[in-house]
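For reference, the structure discussed in these notes is given below.
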Amino acid sequence: MTFRKTGCAFATVLMAVTFASLAVAQTADDAMVTQEEGADAGGASLPILLNPISVTATRNPIEAFAYPGMVSVIGREEIETLQPSTPDDILKWVPSVQFVGGPRRTGEVPVIRGFSGPDTVILIDGARQNFGSGHDGRFFIDPSLIQQVEVLRGPASALYGSGGTGGVIEFRTLDAADFLSAGETYGGTVSGGFQTVNDEWVGTLTAYTAPTDQFDILGSITKRDSGNIKLGDGNTLANTDDDIIAGLATGGFNLADHHRIEGSFITFQNDAQEPNNGQGAGGSSSVDKDIRSSTYQVSYDYSNPMDSLLDLDVVAYFTETQADELRLDDLGIGPTGELLKRDVDTYGFRVDNRTSFDTSEDVANLLTYGVEFYHDKQFGAAGSGTRAGVPNAEDYFYGVFLQSETTITEPFGALPGELLIVPGLRYDDYEVTSSLAADNSDSEWSPRLGASYLPNDWLMVFGSYSEAFRAPTFDELFLTGTHFNIVIPGFPTITNAFIPNPELKPQRTRTWEFGGGLTFDDVLKEDDGMWLKGSYYRTKAKDLINLTVNQPAPFVDCNPFIPGACNGTSEADNVGNAKLWGTEVEGAYENDRVLVSLGFSTIRGKDEDTGAYLGNLQPDTFTVITGLKLPEVNSIVGWRMLAADGFDKVNNPGEERGGYAVHDFYAAWQPADGPLQGFRVDVGVDNAFDKSYSRVFTGSVEAGRNYKALVSYSMTW
């Protein structure tokens, strides 16, 4: 399948679905309702939300469309219709976002614009998730606890510091206000579901209350159990068992007018059995993997609309994550019964304030400024000794930042519309320490300047320049021990050993980005809307951190008869100069009968010194999500497609991948009144045509056809 054929098929089907849906809409005018009525009478039919508000992009509410950059907001209703089992199920529909690592949930790692691992900032309710591992996942949270996800794509160090080279993924968890309407004080929701691709059962129980105007609380617990994964090629990915318990407890209290404190506890526990390397098809060794991740958070907010000087947010958190493995055999680098430990603790806090003022009648300013601190500590062990690649180490990060949002009406006294200018600057100082080698420390300035010009109510153009950095992690600086062994019968064992490199420099990027967008109301019928936004970016990267594996080939580069002659090394080092560039487009059309959303992305990257491909590059990708709203029967039905071009931007021909198109179908039913009010039923089939495909840099075929259903019941009073 060529990308041209995929694109033509994509466009043809999209137009057919759109016009068919519009035809249904035109023949059902008598049954149509307004946006607000649709949300009430339509039950599962989605409300029209064409101008989502982002908070992650600037740490202040701003229309995602007007922001001088690319940011996506995924709400609770969208998450529910996806029936996600992992965060990958939610985020793979966002342009320039892909997951590598294979179908196992513990191996999934997000990639944004070619940057992965510690190159992306992961937040849960403002708390950093800094766990890192060579072959385990990057973060652990169950989708049942997520109320909203924001994905800020592109450099974000001016606000978020180290790790902002790729972007930011921020999860916000549920609270009582997501379930209770005005006048309601108590409620509960119970749900249960099943999916066939891995025989997964899930059940969730949530209770919530707001007994007074000052106090609210929510508690939720989810049990998820799954087994081996059926792949699209007819095979089964064995040694894939997950037994998960996830929970959330959160509450808030209004101390006085405009003063509020909140606290939360989020936990994820998975007793898994899988290979030591859970990515791809995995190795031959098996382990009992005990994953525990908990985040404790407390925050204070002061927000008084009459106070233009003080609008204060304070958040403090503690995140503890462990991924301990008990060897079930001796097929890996160690004996049966050996316990491998990796524990990472993160303490942190952030304080930021907002001050607003008008420079003149036509110029309004909002300053956001604050400080941030966080500290990571890692402990690793194998049996009674050290664990290879998991050094005992810690780091300290200190940051201060300042950002302005300046809105100019009729700029220069001659141009129509509004000009939004968003300059920002952050200073970070860090130190990474370990007893294994010399400390590594440095400091960085991260500037950013973005501007959006909206000459009227339907057009916008934007441009930005950003610098970002990512400090080397303790895993990269202080690697020791055996990376892997090569066993050739009759010859001495060949060992590849980790070599520490405490002289690693932080990787730095400079990014230019420009784009524009269109937004219209009443396009094809009254109260409908559409928007389209796209960008082109170029990133210059210096000192990219890369793990270099030097392994002589037996009988070619070395004599395996000589003990040690074929031994190799693995060391993290800096790649001098690289460039990455790409495009992103996303858009949506929606009325009270139909919704259509589109996404498209490309990403390229090369080492400027050698010409080699560089970065976690991805194929050109199309996404489309459609839905037909049926308020007469309180339902919505829809189709989704993810299509990728063939991928050959690799240095190793074995990493090439063919193109593919994967189709999903879904439906939801949610009675708005009557005896069944409170019930919701979601059904769907993912990869409906059982497509066999592999994502890039993943040594396994992806999951095959997956039938799934979820039934929930909510009661409030």
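Please treat every number below as a calculation from the coordinates, not as lab data. The structure presented is a predicted model; accordingly, all values stated were derived computationally and were not measured. Backbone-built Cβ (ideal geometry, glycine too); neighbour counts: all protein chains shown.
Given the peptides 131-138, 411-418, arrange them by the average over their residues of other C-beta atoms within 10 Å, most packed first.
Top to bottom by mean Cβ count within 10 Å: 131-138, 411-418.
For the pairs K377/K505; K92/K289; K341/K377; K542/K649, note any where the Cα-Cα span goes beyond 23 Å.
Values: K377/K505 20 Å; K92/K289 26 Å; K341/K377 13 Å; K542/K649 20 Å.
Among K377/K505; K92/K289; K341/K377; K542/K649, the Cα-Cα distance tops 23 Å for K92/K289.
Hey, can you grab everything whose amide H is under 5 Å from the amide H of S700? Only 5+ residues off in sequence or another chain; H modelled, so Pro and N-termini drop out.
Placed amide hydrogens put A281 under 5 Å from S700.
Calculated from DSSP H runs of 4 or more alone, at -39500 (n - 2.57) each and per residue, what is the 222 nm mean residue ellipticity of the chain, nearest 500?
My calculation for the chain gives -2000 deg cm²/dmol from helical runs alone.
How high is the relative contact order of the chain? Use alpha-carbon pairs under 8 Å, at least six apart in sequence, and give a whole percent.
Numbers: 2079 pairs, mean separation 99.1, N = 717.
In percent, rounded to a whole number, it is 14.
To the nearest 10 degrees, how steep is helix 3-26 against the longest Cα principal axis of the chain, on a 0 to 90 scale?
Approximately 30 degrees, to the nearest 10.
Which whole-Hz ³J(HN,Hα) couplings does the stretch 106-117 yield from phi under the Karplus relation 6.51 cos²θ - 1.76 cosθ + 1.60, θ = phi - 60°, glycine and proline marked x?
Taking θ as phi minus 60°, the curve returns 6, x, 6, 10, x, 10, 10, 6, x, 10, 9, x Hz for the stretch 106-117.
Determine which aspartates and glutamates satisfy two conditions relative to K629: a Cα distance under 12 Å, and not lying fewer than 8 residues away in the same chain.
Partners found: E590, D592.
Short version: ³J(HN,Hα) in whole Hz for each residue of the stretch 286-294, in order, from phi by Karplus 6.51 cos²θ - 1.76 cosθ + 1.60 (θ = phi - 60°), x for Gly and Pro, what are they?
Here the 3J(HN,Hα) series is 10, 9, 8, 9, 9, 9, 9, 9, 9 Hz.
If you count, for each residue, the other Cβ atoms within 10 Å and average over each peptide, how do 96-109, 480-493, 294-307 line up from highest to lowest?
Numbers: 96-109: 25.5, 480-493: 13.5, 294-307: 15.1.
Per-residue mean Cβ counts within 10 Å order the peptides as 96-109, 294-307, 480-493.
Per-residue HN-Hα couplings for the stretch 463-473, Karplus 6.51 cos²θ - 1.76 cosθ + 1.60 at θ = phi - 60°, whole Hz, x for Gly and Pro?
x, 7, 10, 9, 10, 9, 8, 9, 6, x, 7
Does the stretch 92-169 come out rounded, prolate or oblate, given a ≥ b ≥ c as the square roots of the eigenvalues of its C-alpha gyration tensor, rounded meaning a/c under 1.5 and, failing that, prolate meaning a/b above b/c?
Details: a/c = 1.37, a/b = 1.21, b/c = 1.13.
Rounded, since a/c falls under 1.5.
If packing is taken as the average count of other Cβ atoms within 10 Å, what order do 452-459, 172-179, 625-632 fall into, highest mean first? Could you put the intermediate results ahead of the total?
Numbers: 452-459: 15.9, 172-179: 18.9, 625-632: 21.2.
In descending order of packing, they fall as 625-632, 172-179, 452-459.
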